[in-house]
Amino acid sequence: GQQLNQSPQSMFIQEGEDVSMNCTSSSIFNTWLWYKQDPGEGPVLLIALYKAGELTSNGRLTAQFGITRKDSFLNISASIPSDVGIYFCAGQSGGSNYKLTFGKGTLLTVNP
Amino acid sequence: NAGVMQNPRHLVRRRGQEARLRCSPMKGHSHVYWYRQLPEEGLKFMVYLQKENIIDESGMPKERFSAEFPKEGPSILRIQQVVRGDSAAYFCASSRTSGELNNEQFFGPGTRLTVL
């Protein structure tokens, strides 16, 4: 089946720093989504990307849908302690457009 | 505007018992999806349902697992004769459509199943 390679697996940063994480795939996706999951909770949608090359921002978050349709990145600027959590990329491909394929997540720790 | 509701939040079962997990989608959403998350893993798709119809159950184990979304009431994920390997977090998501627009999936808080 399809797989997403998400990196890095974990990050430890200081408050105020910028952070970047990315996902790559061997197959094409039509939609890329980024979710954040807090401990004991479900994933919360942060950004959805629908077109190759699309660059979308949501506050301090910026995400891009790669031109090849096989990758996406998420940037967080000026991190704050509440950014702590696990960030997941997810993709949807044609045919079964509803089925989300998730990466394994990036665990972000922000030191105040 | 309530989000996706799941209950129970935590469920403990002994091997061989049955587990029933419930999910109420967001208001206005008629598409429901179930995912399973093992520790330190991403979510894995299990099944996609619309009212009274199973659209895609390709991610669901062939035995012991079943799902339904009746005309009235919540969607139910049922696991019969649970085994320790069924211990995981089970998430439900819902969307307004499944087409190319407005198909964002919103997740519930999950049910954490522990099999003793």
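The values are calculated or read from the model by the stated rules, or taken from the named source; none is laboratory data. Remember, it's a predicted structure, so these values are computed and weren't measured experimentally. No Cβ is skipped: glycine too gets one built from the backbone with ideal geometry, and neighbour counts run over all protein chains shown. Heavy atoms of the whole protein, side chains included, go into the accessibility calculation; ligands, DNA and RNA do not. Shrake-Rupley method; radii C 1.70, N 1.55, O 1.52, S 1.80 Å.
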Check your understanding: Could you say which residue among B:Gln81, B:Gln17 is away from chain A (no Cβ under 13 Å), part of a loop (DSSP other than H, G, I, E, B) and at positive phi?
Key -> B:Gln81
Review point. Is one or more of the residues making up the range A:85-93 away from chain B (no Cβ under 14 Å) and in a strand (DSSP E or B)?
Key: no
Study note, to complete from the structure: Counting only residues that are aromatic (Phe, Trp, Tyr) and out of contact with any strand residue (DSSP E or B) (no Cβ under 6 Å at 6 or more places or on another chain), the range A:39-92 contains a total of 0
Point to revise | Selection count where residues are outside any strand (DSSP E or B) and in contact with a strand residue (DSSP E or B) (Cβ under 6 Å, 6 or more places away or on another chain), scope the range A:9-26 | key: 1
Check your understanding: Mind checking which pairs have a first residue in the range A:57-70 that is over 24 Å from A:Gln3 (Cβ atoms) and a second that is open to solvent by 80 Å² or more (accessible area, probe 1.4 Å), Cβ under 8 Å, 6 or more apart or different chains?
Key -> A:Thr62/A:Leu55
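Taking the range A:12-47 only, how many residues are within 9 Å of chain B (Cβ to nearest Cβ) and open to solvent by 20 Å² or more (accessible area, probe 1.4 Å)? First the steps, then the outcome.
First, pick out the residues of the range A:12-47 that are within 9 Å of chain B (Cβ to nearest Cβ): A:30-31, A:33, A:35, A:37, A:40-45.
Subset that is open to solvent by 20 Å² or more (accessible area, probe 1.4 Å): A:30, A:40-41, A:44-45.
Residues in the range A:12-47 being within 9 Å of chain B (Cβ to nearest Cβ) and open to solvent by 20 Å² or more (accessible area, probe 1.4 Å): 5 in total.
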Practice item. Check the range A:36-45 and report whether any residue there is over 24 Å from B:Ala88 (Cβ atoms) and not β-branched (Val, Ile, Thr). Key: no
Exercise for review: Answer yes or no as to whether A:Ser79 is surrounded by fewer than 12 Cβ atoms within 10 Å (Cβ to Cβ) and either of a type outside the set (Val, Ile, Thr) or away from chain B (no Cβ under 14 Å) (or both).
Suggested key: no
Review point. Quick check: anything in the range B:73-91 under 10 Å from the mean Cα position of the chain (by Cα), open to solvent by 10 Å² or more (accessible area, probe 1.4 Å) and farther than 21 Å from A:Cys89 by Cβ?
Key: yes
Practice item. Might you check whether a residue that is basic (Lys, Arg), within 12 Å of B:Leu21 (Cα to Cα), part of a strand (DSSP E or B) and in contact with a Ser or Thr (Cβ under 8 Å, 6 or more places away or on another chain) occurs anywhere in the range B:90-112? Key: no
Exercise for review: State whether one or more residues within the range A:54-67 are among the basic types (Lys, Arg), open to solvent by 40 Å² or more (accessible area, probe 1.4 Å), over 20 Å from B:Glu40 (Cβ atoms) and within 14 Å of chain B (Cβ to nearest Cβ).
Suggested key: no
Check your understanding: Based on what the data block shows, is A:Phe29 of a type in the set (Phe, Trp, Tyr) and part of a loop (DSSP other than H, G, I, E, B)?
Key -> yes
